[in-house]
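Peer 1: Please see the structure below; I have some questions.
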Amino acid sequence: MRAGNVIRRIRALMNKAPMQTELLALDELIFEVLALVRAELATNDVWVRTRRSEALPRVRADRVQVRQVILNLITNAIEAMSDLKEGDRELLITARTDSSNNVLVSFRDTGPGLDPNSADRVFEAFYTTKSDGMGMGLAICHSIIEAHGGRMWAGANDPRGAVFQFSIPIAPEGVDRAE
């Protein structure tokens, strides 16, 4: 049922159908997704830390689509770190407001990182660095975030790894979020 919902909403996005938006607390959505991937995190010995601003404002977004973005970014981080032989496998997820009235969500892993020569291409359709990848996941994520009036970008995580970030505008009615 849930997979069918995801496919329907992604098809709707591609067909320019209206999104089914609601007021969302992105930090709560992150915790929902982390609960879904708990076994995969444990299997791959990935330690997750989360940080969030208190009383994080809500955004107006399509729950299924944004959940898919978060799931894809977490899954990509797990896969990136799964081949590490040594060192900590850590994923730091932060959610906070930025200076432009957006909620900014960051996913910082300690994997091998992004090739500086290809970092600009990771959101292109059919571009992949995975041997079994189709190159659609990040392209779809990028489209979803842009459809919500946001931005998505990637870069290097210091001292190693990658950081993927997206921002979505704060909903005017989401500012007075009750905790």
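The values are calculated or read from the model by the stated rules, or taken from the named source; none is laboratory data. Values in this document were obtained by computation on a predicted structure and should not be read as measured data. Here the Cβ positions follow ideal geometry from the backbone for every residue, glycine too, while neighbour counts run over all protein chains shown.
Peer 1: Among the residues of the range 103-113, is any aliphatic (A, V, I, L, M) and more than 10 Å from the chain's Cα centre (by Cα)?
Peer 2: Looking through the range 103-113, at least one residue is aliphatic (A, V, I, L, M) and more than 10 Å from the chain's Cα centre (by Cα).
Peer 1: Six or more apart or on different chains, Cβ atoms under 8 Å: show the pairs whose first residue is in the range 97-110 and without any contact (Cβ under 8 Å) to a residue 60 or more places away in the chain and of a type in the set (Ser, Thr, Tyr) and whose second is surrounded by fewer than 17 Cβ atoms within 10 Å (Cβ to Cβ) and not in a strand (DSSP E or B).
Peer 2: 110/87; 110/88; 110/160
Peer 1: For the range 44-77, give me each residue that is among the acidic types (Asp, Glu) and under 20 Å from residue 172 (Cα atoms).
Peer 2: Within the range 44-77, 54, 62 meet the criteria.
Peer 1: Is it true that residue 8 is at negative phi and modelled with pLDDT under 95?
Peer 2: So residue 8 passes the test.
Peer 1: Does any residue of the range 66-88 turn out to be in contact with a Lys or Arg (Cβ under 7 Å, 6 or more places away or on another chain), modelled with pLDDT of 95 or more and closer than 24 Å to residue 147 by Cα?
Peer 2: Among the residues of the range 66-88, not one is in contact with a Lys or Arg (Cβ under 7 Å, 6 or more places away or on another chain), modelled with pLDDT of 95 or more and closer than 24 Å to residue 147 by Cα, which makes the answer no.
Peer 1: Please work out if residue 120 is charged (D, E, K, R), farther than 25 Å from residue 24 by Cα and at pLDDT below 95.
Peer 2: yes
Peer 1: Quick check: is even one residue across the range 12-24 touching a Ser or Thr at 6+ places or on another chain (Cβ under 7 Å) and modelled with pLDDT of 95 or more? Can you show your working first?
Peer 2: Initially, the range 12-24 is screened for residues touching a Ser or Thr at 6+ places or on another chain (Cβ under 7 Å), giving 13.
Filter once more, so that each one left must be modelled with pLDDT of 95 or more: none.
No, the range 12-24 contains no residue that is touching a Ser or Thr at 6+ places or on another chain (Cβ under 7 Å) and modelled with pLDDT of 95 or more.
Peer 1: Now for a different question. Of everything in the range 96-110, what is surrounded by 15 or more Cβ atoms within 10 Å (Cβ to Cβ) and over 19 Å from residue 69 (Cα atoms)? Give them in sequence order.
Peer 2: 110
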